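First comes the structure, then the notes that go with it.
Quick note: the coordinates plus some simple rules give every number you see, no bench work behind them. Keep in mind the model is a prediction, meaning the values are calculated, not measured. For neighbour counting, all protein chains shown are included, and Cβ atoms are generated from backbone atoms with ideal geometry for every residue, glycine included.
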Ligand SMILES: Cc1cc2nc3c(=O)[nH]c(=O)nc-3n(C[C@H](O)[C@H](O)[C@H](O)COP(=O)(O)OP(=O)(O)OC[C@H]3O[C@@H](n4cnc5c(N)ncnc54)[C@H](O)[C@@H]3O)c2cc1C
């Protein structure tokens with residue numbers, strides 16, 4: 001991987017350049033209450049986006065991922081008008097993207113329609129729109145469907161892939177930070193094998209079959225294991241014309257270990273599992289360039305692959321209008337222990353895009369689902385406490401553990417007091433992921449898919465489905 005400079009320019013999701021200044025952070029100022037002064041006049045008028053008038057203060061939540069949904073669920077029955085804005089009309093379960101990419105699950109199994117979640121919640125309004133900018137002085141968000149006023153604003157936009165400024169890698173590598181990118185990767189992998197059958201060029205065939213994964217975190221480990229299982233059990237049956245013994249799955253990690261934050265025993269077990277399956281694991285190995293065919297490593301050597309999966313970095317999504325001084329490294333927004341963005345009033349950031357330092361987490365919290373959910377639940381309760389004139393509480397993260405699955409019967413899991421590996425860890429991994437999926441239907445569908453794959457050594461979703469595109473007629477355009 002490419003090291004992140006200590007001070008750099010970052011670009012937010014809308015393309016503006018932001019200067020990250022990580023050196024010193026303002027110290028959080030303790031406050032007893034969130035002090036909002038909702039404009040009564042504004043509160044009872046209808047604005048754009050066809051939101052109904054309400055006498056309740058309006059909480060606008062941008063982003064319906066792990067953090068945004070948790071905030072909305074905490075507030076859905078409270079004395080607020082809750083407005084959820086997301087560019088998609090569904091919630092996505094990132095931990096299983098790699099199974100969509102390797103044809104194990106359909107995108108619909110891990111994506112859940114937002115409107116279904118908030119049926120019978122008259123205080124909750126959903127608008128599908130991309131948020132463009134913020135005007136904190138006017139308490140206004142600019143979106144693709146017009147201006148939206150807020151009394152309290154919760155920013156939960158998550159993050160996007162960080163290519164650390166390497167434009168060539170960005171151009172050719174495949175990220176996996178959205179369900180559409182996971183689907184794109186699935187199509188690409190399957191198409192590569194179709195192309196490998198027809199080419200007569202040996203080197204090109206090898207390049208089309210090989211896969212290089214960059215980033216030895218849970219995503220890189222899990223996708224490498226899944227690809228190796230495809231190589232052994234699925235692809236040779238589908239395409240006997242190709243010799244899959246020649247296909248190589250290589251996992252590259254710049255630091256000395258896979259799964260860096262986990263305990264040493266789990267890190268070693270994960271590496272042993274991958275290597276015993278056939279994955280070529282290379283730690284202390286950074287990628288410096290990729291031209292779509294050759295991956296260049298820091299020592300100057302090269303690897304041949306038409307597929308480079310980039311699972312090596314995250315940068316938070318930003319919004320125009322937030323002063324540069326509010327951002328720190330990784331494009332994250334600096335918040336106090338109540339999740340208020342330092343320097344802004346009644347504007348909060350939660351989840352992957354927030355950066356909160358505490359004595360337990362002097363470098364900020366990990367960008368994982370549990371942090372996102374726990375932060376948002378605390379923030380939601382604090383807003384309710386504020387309305388009820390009760391003191392608000394600072395956020396304390398309760399670390400429930402971390403885990404990664406490598407393949408059939410193989411996983412590693414660290415809990416606060418102990419670690420487990422192998423079959424037992426694999427069962428725990430499956431149980432926790434099934435329980436965390438949104439919606440009963442998704443849980444049943446995923447469980448059935450896993451059982452069928454387990455007993456048949458097969459996945460049934462190896463379809464190359466490309467969306468068609470047609471020109472949008474003027475009258476069909478929204479906003
Ligand atoms: C491949 C992958 C695997 C992972 N595996 C694990 C795991 O096993 N365990 C774990 O704990 N964590 C895992 N994570 C991390 C975890 O998914 C994140 O920490 C978590 O999703 C953060 O939640 P969030 O709500 O902050 O952001 P997200 O869940 O990313 O939600 C952000 C939301 O904001 C919306 N949005 C973004 N920009 C705009 C805009 N301009 N306008 C409107 N809406 C916008 C997006 O559509 C999205 O719905 C994984 C992440 C990835 C990418």
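Laid out as a table, the results:
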quantity	calculated
Label-reachable residues, region 67-101, where backbone N falls under 17 Å from a point 7 Å from residue 464's Cα toward its Cβ	101
Theoretical ellipticity at 222 nm over the chain - DSSP helices of four or more residues, -39500 (n - 2.57) apiece, nearest 500	-8500 deg cm²/dmol
Using alpha-carbon coordinates, inclination of helix 66-75 to the longest axis of the chain, degrees	30
Helix axis angle, 179-198 relative to the chain longest principal axis, alpha carbon, degrees	20
Residue exposure sequence - 381, 417 - by fewest surrounding Cβ within 10 Å	417, 381
Zone residues, region 318-343, relative to residue 137, backbone N less than 14 Å from point 7 Å out along Cα-to-Cβ	321-323
Helix 440-456 axis, angle to the chain major axis (alpha carbon atoms, nearest 10°)	10
Protection proxy ranking of 95-108, 315-328 - average other beta-carbon atoms within 10 Å, highest first	95-108, 315-328
Pairwise FRET efficiency - residue 396 versus residue 427, Cβ, R0 = 30 Å, nearest 0.05	0.50
Fraction of antiparallel bridges per DSSP, region 167-312 only, in percent to nearest 5	35
The chain, relative contact order [Cα under 8 Å, separation at least 6], %	20
Relative contact order, percent, region 167-312 [alpha-carbon distance under 8 Å, six or more residues apart]	33
The chain: antiparallel DSSP beta bridges as a percent of all, rounded to 5	50
Mean-position separation - Cα centroids, region 434-468 and region 204-262, in angstrom	20
